[in-house]
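The values are calculated or read from the model by the stated rules, or taken from the named source; none is laboratory data. In this text the structure is predicted, and so the values were computed from the model without any measurement. Neighbour counts are summed over all protein chains in view; Cβ atoms, including those assigned to glycine, are modelled from backbone coordinates with ideal geometry.
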Amino acid sequence: MPRVKNGVAHHARKKKIMEAAKGARGGRSKLYKAAKETAERAMRYAYRDRRKKKSDFRTLWITRINAAARLHDLSYSRLIAGLNKAGVEINRKVLADLAVHDADAFARVAEVAKGQK
């Protein structure tokens, strides 16, 4: 039985790892074993943080809505409760965008929420 060599595939795998670790510092981008560990860790963080990004944005939206609501003498929770009672179905992403880019529209939304006390 002839000997099977795997050089081409090995070099391709190695090259892919080394490319992935290119931005790392020192031996982490030059030495294969260290580069492999770095690239694998980076992939784990990337996988985790693609999911975490959703909650980070929601937190940002809530912070922006709360800041804008307080300018209209409302807390975030009272604003959301008032909108729910009024039957206004507007998500936090859009509310945050209104708070930042269209203060007049946000003021009208806040008035609707205030009217539901």
Exercise for the section: From (1) surrounded by 10 or more Cβ atoms within 10 Å (Cβ to Cβ); (2) modelled with pLDDT of 95 or more, pick out the condition that doesn't hold for ASP104. Expected result: (1)
Handout entry: Some residue of the range 107-116 being in contact (Cβ under 8 Å) with a residue 24 or more places away in the chain and exposed (fewer than 11 other Cβ atoms within 10 Å of the Cβ)
Key = yes
Problem - Unmet criterion (only one of (1) touching a residue at least 24 places away in the same chain (Cβ under 8 Å); (2) part of a helix (DSSP H, G or I); (3) over 27 Å from the mean Cα position of the chain (by Cα)) for HIS72 - result: (2)
Handout entry: Checklist (1) among the β-branched types (Val, Ile, Thr); (2) more than 23 Å from GLY115 (Cα to Cα); (3) assigned to a helix (DSSP H, G or I) applied to VAL4, failing item
Key = (3)
Practice task
Assess whether ARG25 counts as being part of a loop (DSSP other than H, G, I, E, B), free of Cβ contacts under 8 Å to residues at least 12 places away in the same chain and exposed (fewer than 13 other Cβ atoms within 10 Å of the Cβ).
Solution key: yes
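Residue by residue, here is whether (1) surrounded by fewer than 17 Cβ atoms within 10 Å (Cβ to Cβ); (2) part of a helix (DSSP H, G or I); (3) in contact (Cβ under 8 Å) with a residue 40 or more places away in the chain holds:
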position	(1), (2), (3)
ALA39	no, yes, no
ALA46	yes, yes, no
ARG51	yes, yes, no
THR63	yes, yes, no
ALA81	yes, yes, no
VAL88	yes, no, no
VAL100	yes, yes, no
